[in-house]
Amino acid sequence: MAERQGPKIYADQGGEGETTYVLLHGLGATGAVWQGVRDIISEKKAGRWVIPDLRGHGRSDWAPTYGLGEHAGDVVDLLKDSDRIVIVGHSMGGLIGLFLATGWFSLNIAGIVVNGTISHWNDGITNSMNALAEKPSRWFEDRSEAVERYLKVSGLIDVLPPDAPQIQSGIVEEAGKYRLAADNKAGTVGGPWMQEFYNISTCPVTLAVGEHDKIVTIEQYRSLDKNAVQIPNVAHNAHVENPEAMWALVEKLEGMTSKD
C-alpha cells in the first residue's frame, strides 16, 4: 500500500513508557504551548509525548486544504508505534482529538481531555473562519508587532510575555519582515461536530473549561456532560496558564481507564 502523502509535520517527541501522551494545540498556536505539560510528563517519567505543530501551523508545512480528516491523518501517522494513547486537546486540537477517539482510526486511545473546544458551533463562526481564510498573511516590519499579533490570535496576550520561548515557532521571518506562522486557511477545519464525536467516542472523555474562558462556558459543557470540569482562575489557554491543573485532569482520567 502506498504511503499517504501530505505536508511535512513537525512534532516534538520524547520520553518513554507504555503510554503515549498526544498534546494537540489550538487554532493559530503551535505545539510549543504545551511546554509546561510536557515538562511535567518528563519530570514524572509518565510516558512518551508526541506534540505536533498541526498542518498550517508553526514549523509544519502549509497545505492546500485543512479538512478534519486530513488533520487526523497527520496525527495518526505520528502514532503508528504507540500501543496506548492518551490525548489532551485544546480548542481545535480537542476537536481533532475527539475525532481520533471515535474508533475510526484503529488507535488504542485510553482517554482524552478536551479543553476549550467550541461545543455549540453556529453559522456566524463558520462565516468568520471563511472570511479569515480569504485574507492574505499580514506582514510586519517589526518583529514585536508580529509577536503582539500572535499573542492576540492565539489567546495568549495576557498569559505569556513577548519574549517567552513558546512564542518563537509562531513567528516566521522572511527578507527582514515578519508574519505569523499559521496559515489563515487553517481555521476552516472547524464545524458543528464536537457533540456528535463526544457522543460516539470509544474511550473516557473529560470536558474542561477555564473559569474565565470567553469562547466556551461550563454550562455548555455540562449540557453534554454533567461532570464537566471548570478549571478555576484561568481563561481559554488553561494548559499554558496552569499546566499542573491540566495534568491533574489527565491523572484523574488515567484513574478512570483500565490498564489490564
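Here is how the numbers come out for the structure above:
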{"quantity": "Taking 57, 212 and counting other C-beta atoms within 10 Å, the order from fewest to most", "calculated": "212, 57"}
{"quantity": "Fewest-first ranking of 251, 148, 134, using other Cβ atoms within 10 Å as the exposure measure", "calculated": "134, 251, 148"}
{"quantity": "Angle in degrees between helix 243-256 and the longest Cα principal axis of the chain, rounded to the nearest 10", "calculated": "30"}
{"quantity": "Dimensions in Å of segment 27-111 - Rg and Dmax from alpha carbons", "calculated": "12.8, 40"}
{"quantity": "Cα Rg over Rh - segment 112-260, Kirkwood", "calculated": "1.02"}
{"quantity": "On Cα atoms only, tilt of 35-44 relative to the major axis of the chain in degrees", "calculated": "30"}
{"quantity": "Acute angle (nearest 10 degrees) that the helix 68-77 long axis makes with the longest principal axis of the chain, alpha-carbon atoms", "calculated": "70"}
{"quantity": "Rel. contact order, % - alpha carbon contacts under 8 angstrom, at least six apart, segment 111-260", "calculated": "31"}
{"quantity": "For segment 11-50, alpha-carbon Rg relative to the globular expectation (2.2 N^0.38 Å, N residues)", "calculated": "1.12"}
{"quantity": "Amide H contacts under 5 Å for residue 17, placed H, 5+ residues apart", "calculated": "48"}
{"quantity": "The chain - charge dipole about Cα centre, Lys and Arg +1 at Cβ, Asp and Glu -1, debye rounded to 20", "calculated": "240"}
{"quantity": "Inter-centroid distance (Cα atoms) of segment 220-242 relative to segment 152-192, Å", "calculated": "23"}
{"quantity": "MRE, 222 nm, helices only [DSSP H, n ≥ 4, -39500 (n - 2.57), over the chain, to nearest 500]", "calculated": "-9000 deg cm²/dmol"}
{"quantity": "Ranked list, fewest to most other Cβ atoms within 10 Å of each Cβ, for 71, 236", "calculated": "236, 71"}
{"quantity": "Nearby lysines by direct alpha-carbon distance to residue 135 (threshold 25 angstrom, same-chain neighbours under 8 apart not counted)", "calculated": "8, 152, 177, 185, 214"}
{"quantity": "Integer Hz, Karplus 6.51/-1.76/1.60 couplings in order for segment 174-180, x for Gly and Pro", "calculated": "9, 6, x, 10, 10, 9, 6"}
{"quantity": "Rounded, prolate or oblate (a/c below 1.5 giving rounded, otherwise prolate when a/b exceeds b/c) for the chain by Cα gyration tensor", "calculated": "rounded"}
{"quantity": "Where labels lie 7 Å past Cα in the beta-carbon direction, separation of residue 143 and residue 215 in nm", "calculated": "2.6"}
{"quantity": "The chain, relative contact order [Cα under 8 Å, separation at least 6], %", "calculated": "22"}
{"quantity": "Principal axis dimensions, largest first and in whole angstrom, of segment 185-231 by Cα", "calculated": "32, 29, 15"}
{"quantity": "Net charge contributed by nearby residues that have their C-beta within less than 13 Å of residue 10 (K/R +1, D/E -1)", "calculated": "-2"}
{"quantity": "GluC sites (Glu not before Pro) restricted to segment 167-211 and DSSP loop, no more than 15 other C-beta within 10 Å", "calculated": "211"}
{"quantity": "3J(HN,Hα) from dihedral phi, segment 98-113, Karplus parametrisation 6.51/-1.76/1.60, rounded to Hz, x for glycine, proline", "calculated": "5, 4, 5, 7, 6, x, 7, 10, 6, 10, 8, 8, 7, x, 8, 9"}
{"quantity": "Mean separation of Cα contacts under 8 Å, 6 or more apart, over the residue count of segment 83-156: relative contact order %", "calculated": "27"}
{"quantity": "Charge tally in the Cβ shell below 12 Å around residue 150, where Lys, Arg are +1 and Asp, Glu are -1, residue 150 excluded", "calculated": "+3"}
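No lab work stands behind these numbers, since they all come straight from the coordinates. For clarity, every value in this text was computed on a predicted model and none was experimentally measured. Glycine gets a Cβ as well: all are built from the backbone with ideal geometry, and neighbour counts include every protein chain shown.
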